[in-house]
Amino acid sequence: MNRIVEAAEQHFGQNVDRVTAPGGEGRSSFRLHFENRDVIATLRPNFRRTHLEAFVLDELAPHTSNIPKVLGVVGEIMFQSDVGLRRLNQEIARHNKAKQLDLAAEAVAGIFRIHAAARKTDLDKSLPHLGANDDWITNIVDAVDALQPYSRGISSTFDRSAVASVVAYPGRQFVKWDCRSGNAAIGADDRMNWFDFEYCGLRHGAEDFAWLIGDEAWPVAPDQMVDVMIDAFDPECGHEIADYLEYLSVYLTLHCVQRFKLIIKEAKKRGWLSKEKVRKYDDAGVHPEFAVQICKVGQYFSAQSQLTAPLTVNFEGAARAFAQILRDGSSLKRA
């Protein structure tokens, strides 16, 4: 903290009045409160990621306005504009269903705008290809076995090789990655902005929407999110909409398994958390209701593709198990 404050005061030539931690003390970003403005300071544990994030934001800046502006990089510390106090994951929980759909539409449109902005740059020539090795593909497909304890095993009709061949998509489109709703915020001007580009790279493009829809704390029903995707779809993205939604369904099914595994792991380690704490600190959705939600999302999207349809029954079983935990108020061990 002292190191960040010292660097900030030297860089901006002003005293920092106070420092707050929007994501909690253990996170890498802090809000620095100056007399006339607030600035976000980020100290990543990986020097390369700090500079990659700053480079990407600078490249995107001329083509889109719903991202932070880089205000300087001092060694391993990046300073960026504060894009808003109202994080989307908390803001959307405060509203009725109609307003939630409006916010969902704005979030999806914002991601498509960022993708379009990236296509106007040369980022596709310099960024890493994400999930581009066989081990990564094998692991994300075989992770479906995590659903077995909550159902009657994975059907032999689930063709792992066929699913792997779909997911092994070459990196052509810029993706922000980690588009969970806690990584978007609404500013004083009521505009929504996306931040945290630490893990960006190249892939199909639909992965960003999988992160949003497959955010276990996201309250919008999966079928409604499909309608939002159809309404906001960018025909310049390089895919026909039917193909895009097919890939999204397959990838999102596997992404839901990853989120489910994370919830199970964290619940066993820490016990259940309150929904308020999860949203406040943008934590993993370690609450039975969120576990049910991610299973329902997986259940819906797995049924949208013949490749993943055999997993629908597994998600149904897992959803029932955690709905029972929610009703009983019991521990994870009973699942």
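The values are calculated or read from the model by the stated rules, or taken from the named source; none is laboratory data. These figures come from a predicted structure and were not determined experimentally. All Cβ positions, glycine included, derive from the backbone under ideal geometry; neighbour counts span all protein chains shown. These area figures cover heavy atoms from the full protein model, side chains too; ligands, DNA and RNA do not enter into them. Shrake-Rupley method; radii C 1.70, N 1.55, O 1.52, S 1.80 Å.
Annotation: lysines with alpha-carbon distance below 19 angstrom to Lys176 (same-chain offsets under eight excluded): Lys69, Lys120, Lys125.
The listed residues Glu76, Glu198, Glu236, once ranked by accessible area (1.4 Å probe) with the largest placed first, stand as Glu236, Glu76, Glu198. Accessible surface calculations at 1.4 Å, restricted to protein heavy atoms, place the stretch 126-216 at 38 Å² per residue.
Charged neighbours of Gln258, selected by a Cβ distance under 13 Å, balance to -3 (K, R count +1; D, E count -1). The loop-placed trypsin sites (Lys or Arg not before Pro) in the stretch 127-188, going by DSSP, that have at most 12 neighbouring Cβ atoms within 10 Å of their Cβ come out as Arg152. Applying 1/(1 + (r/R0)^6) with R0 = 41 Å to the Cβ-Cβ distance of Arg48 and Arg320 gives a FRET efficiency near 0.40. Computed about its Cα centre, the charge dipole of the chain is approximately 1160 debye, with only Lys, Arg, Asp and Glu carrying charge at their Cβ. For the stretch 1-79, the set of trypsin sites (Lys or Arg not before Pro) satisfying both a DSSP loop assignment and a count of at most 15 other C-beta atoms within 10 Å is given as Arg27, Arg37, Lys69. Put simply, the convex hull of the Cα atoms in the stretch 9-150 casts, on average, a shadow of 12.7 nm². Calculated mean residue ellipticity at 222 nm for the chain: -14500 deg cm²/dmol, from DSSP H runs with n ≥ 4 weighted as -39500 (n - 2.57), summed, divided by the residue count and rounded to 500. Ranking Pro128, Gln293, Thr253 by Cα position along the charge dipole of the stretch 86-328, where only Lys, Arg, Asp and Glu carry charges on their C-beta atoms, puts Gln293 farthest toward the positive end.
Antiparallel beta bridges, as assigned by DSSP with both residues in the chain, represent about 95 percent of the total such bridges. Around the amide H of Ala61, modelled in the peptide plane, lies no amide H under 5 Å away from a residue 5 or more places distant or on another chain. Look at the Cα gyration tensor of the stretch 86-328: its axes a ≥ b ≥ c give a/c of at least 1.5 with a/b at or below b/c, and that counts as oblate.
Taking 8 Å as the Cα distance limit and 6 or more residues as the minimum spacing, I'd like the relative contact order of the stretch 1-81 as a percentage. Write out the running numbers ahead of the final one.
Values: 120 pairs, mean separation 19.2, N = 81.
Result for the stretch 1-81 is 24 percent.
Cα centroids of the stretch 93-127 and the stretch 239-292: 19 Å apart. With the whole protein complex present, Val144 retains an accessible surface near 0 Å², based on a 1.4 Å probe.
Remark: the Arg37-Val19 segment gains 5.3 nm on full extension, using 0.36 nm per residue and subtracting the alpha carbon distance. Over the stretch 1-81, the Kirkwood radius and the radius of gyration, each from Cα atoms, give a ratio Rg/Rh of 0.95. Once the Cβ-Cβ distance of Leu85 and Ser161 is raised to the sixth power relative to R0 = 56 Å, the FRET efficiency obtained is 0.75.
Evaluate the relative contact order of the chain (contact order divided by residue number), counting alpha-carbon pairs under 8 angstrom at least 6 apart; express in whole percent.
Worked out over the chain, it gives 17 percent.
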